[in-house]
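Note sheet for the following structure.
Please treat every number below as a calculation from the coordinates, not as lab data. Here the structure is a predicted model, which means the values were calculated and not measured. All Cβ positions, even for glycine, are placed from backbone atoms using ideal geometry, and neighbour counts span all protein chains on display.
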Amino acid sequence: MQPIVRSLLENDLYKFSMWQALLHSHPGAQTEYAFVCRNTPVYPLSELKTDVERELDHLCSLSFADDELSFLRGLRYIKSDFVDFLTVFRFQRKFVTVTAENDTLQIVATGPQVHVMGFEIFVLYIVNELYCRRLSSPAVIDEGRRRLHAKIAMLREFSREPARVHPFEFFDFGLRRRFSGEWQEEVVSTLARELPQYFKGTSNVYLAKKFQLTPIGTMAHEYLQSYQSFGVRLRDFQKVALENWVQEYRGDLGIALTDVVGMDAFLNDFDLYFAKLFDGLRHDSGDPVVWGEKALAHYAKLRIDANSKRLVFSDGLDLQAAFSLYRHFADRIMTGFGIGTNLSNDTGITPLNVVMKLVSCNGQPVAKLSDAKGKTLCNDETFLAYLRQVFHHPVI
């Protein structure tokens with residue numbers, strides 16, 4: 001059977017953008033990333049240990065091909081010295097360990113951040129695809145195609161609605177929890193062919209290159225979390241992280257993630273300077289309507305025309321939820337919708353809800369204080385309580 005990882009380019013764009021920024025600003029950071037499955041699988045994930053080990057061995061044998069490096073070099077925000085780094089980059093197997101414990105998998109990547117941060121997405125889609133292989137059948141794929149065509153029909157029906165100020169645009173964010181590489185490729189190519197007026201890109205850089213699509217993504221939680229350990233006053237970590245992002249990208253990749261310590265604390269830091277410099281905000285936890293209204297009120301308070309900004313929604317979306325949010329906001333601000341599992345793993349099988357998150361940096365705990373119950377992640381309750389105190393974040 002073919003290895004699951006086809007290319008080192010088959011990673012989410014925001015991994016490359018964060019990788020470059022952290023390589024330039026904090027190349028010596030030491031980190032630990034840990035795998036977590038948030039739901040109950042139909043069979044123990046521990047049964048996949050041997051297969052996961054084999055796939056990681058394969059991953060660590062790969063390097064970037066010349067045409068892949070050329071593609072990255074062609075993105076105006078990717079700098080030549082970062083591509084030079086990737087030219088000689090190889091994942092090191094010694095930095096990632098896999099153990100089976102209590103019917104689940106413990107997968108931990110520990111080492112220099114610029115050498116281990118890239119493991120996350122590969123680990124997640126390796127586990128997902130191995131898990132789904134045991135549950136796959138021709139009937140499952142047929143159901144996936146039926147659901148995909150139903151989505152296309154839904155979008156064509158949606159096109160009959162009255163026009164709003166800003167257009168409807170959605171993207172594929174489904175790499176990490178996809179059913180398989182082959183299935184994600186079929187979904188992305190079908191949407192690109194059938195609905196180019198709505199489908200505007202994918203986070204999967206490999207598929208963006210293959211199908212000449214726009215790669216989509218800016219930053220994830222780990223980027224901002226890392227700054228909790230970088231020697232700045234904890235109260236200022238978001239402002240320093242955003243400032244370094246501005247200096248790295250000079251106007252590109254301007255969508256900021258808001259829920260590392262909650263939307264309210266984020267807006268306290270997102271002053272007129274940042275609100276003008278960033279193109280918009282990304283939602284990833286909590287009530288999306290409440291979040292969006294807070295963003296609009298913030299822009300209004302700063303006397304910024306919200307029609308020049310964008311809200312990107314990416315928290316467990318399906319098309320119906322995206323349509324509802326679009327109807328609510330599209331006459332007041334540009335929107336975008338990153339749809340993940342509901343595109344890449346909607347086949348009738350209950351998908352795994354897996355993550356691999358940064359848990360420590362430079363020997364210190366880091367944390368995310370989500371706006372939704374169940375998404376807060378930290379291994380140190382003392383640090384979590386301190387972070388809540390500093391940012392006045394309620395226990396959810």
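Tabulated values for the structure
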| item | result |
| --- | --- |
| Charge dipole magnitude, Cβ of K and R +1, D and E -1 - the chain, Cα centre, debye nearest 20 | 620 debye |
| Charge tally in the Cβ shell below 15 Å around Thr87, where Lys, Arg are +1 and Asp, Glu are -1, Thr87 excluded | -2 |
| Part-to-part distance (alpha-carbon centres) for the stretch 251-278 and the stretch 339-388, which is given in Å | 20 Å |
| Distance between modelled label sites at Gln212 and Val395, nm, 7 Å Cα→Cβ extension | 5.7 nm |
| Equivalent-ellipsoid semi-axes of the chain, from the Cα gyration tensor, Å, largest first | 29, 28, 21 |
| For Asn342, net neighbour charge (Lys/Arg +1, Asp/Glu -1) across residues whose Cβ lies under 12 Å away | 0 |
| MRE, 222 nm, helices only [DSSP H, n ≥ 4, -39500 (n - 2.57), over the chain, to nearest 500] | -13000 deg cm²/dmol |
| Label point distance in nm, Arg146-Glu101, each placed 7 Å from Cα along Cα→Cβ | 4.2 nm |
| Cα centroid separation, the stretch 85-158 to the stretch 164-187 (Å) | 15 Å |
| Separation in nanometres of the label points that stand 7 Å from Cα toward Cβ, at Thr110 and Ile304 | 4.1 nm |
| Share antiparallel - DSSP beta bridges, the chain, percent rounded to 5 | 55 percent |
| Segment Asp331-Lys276, extension gain: residue separation times 0.36 nm, minus the distance between their alpha carbons | 17.8 nm |
| Average Cα contact separation per residue, the chain, under 8 Å, 6 or more apart, as relative contact order % | 23 percent |
| 17 Å reach of a label modelled at Val165, 7 Å along Cα-to-Cβ, counting backbone N of the stretch 316-340 | 325-336 |
| Rel. contact order, % - alpha carbon contacts under 8 angstrom, at least six apart, the stretch 178-333 | 15 percent |
| Neighbourhood net charge (14 Å Cβ-Cβ; Lys/Arg +1, Asp/Glu -1) for Ile121 | -1 |
| Over the stretch 140-344: Rg over Rh, Cα atoms, Kirkwood Rh | 0.98 |
| For the stretch 140-344, size of Cβ-based charge dipole, Lys and Arg +1, Asp and Glu -1, in debye | 320 debye |
| Student exercise, the stretch 1-152 dipole from Lys, Arg, Asp, Glu Cβ charges, in Debye to nearest 20 | 360 debye |
| Protection proxy ranking of 19-28, 131-140 - average other beta-carbon atoms within 10 Å, highest first | 19-28, 131-140 |
| Top positive-direction residue, dipole computed over the chain with Cβ charges, set Pro112, Leu352, Gly201 | Gly201 |
| By average C-beta atoms within 10 angstrom, highest first, the peptides 282-288, 107-113 | 282-288, 107-113 |
| Stretch gain in nm, segment Leu296-Glu243, where the contour uses 0.36 nm per residue and the Cα spacing is subtracted | 16.9 nm |
| Taking the convex hull of Cα positions in the stretch 1-117, its mean projected area over all directions (nm²) | 8.4 nm² |
| Relative contact order, percent, the stretch 215-277 [alpha-carbon distance under 8 Å, six or more residues apart] | 38 percent |
| Restraint check, Lys15/Lys79; Lys15/Lys357; Lys239/Lys373; Lys301/Lys373, Cα-Cα greater than 23 Å | Lys239/Lys373; Lys301/Lys373 |
| Gain in span if fully extended, Tyr43 to Ala385, counting 0.36 nm per residue against the direct Cα distance | 119.6 nm |
| Per-residue HN-Hα couplings for the stretch 332-348 [Karplus 6.51, -1.76, 1.60; θ = phi - 60°; Hz; x = Gly/Pro] | 10, 7, 5, 10, x, 10, x, 9, x, 4, 5, 9, 8, 8, 10, 10, x |
| Over the stretch 49-183, equivalent-ellipsoid semi-axes from the Cα gyration tensor in Å | 33, 26, 13 |
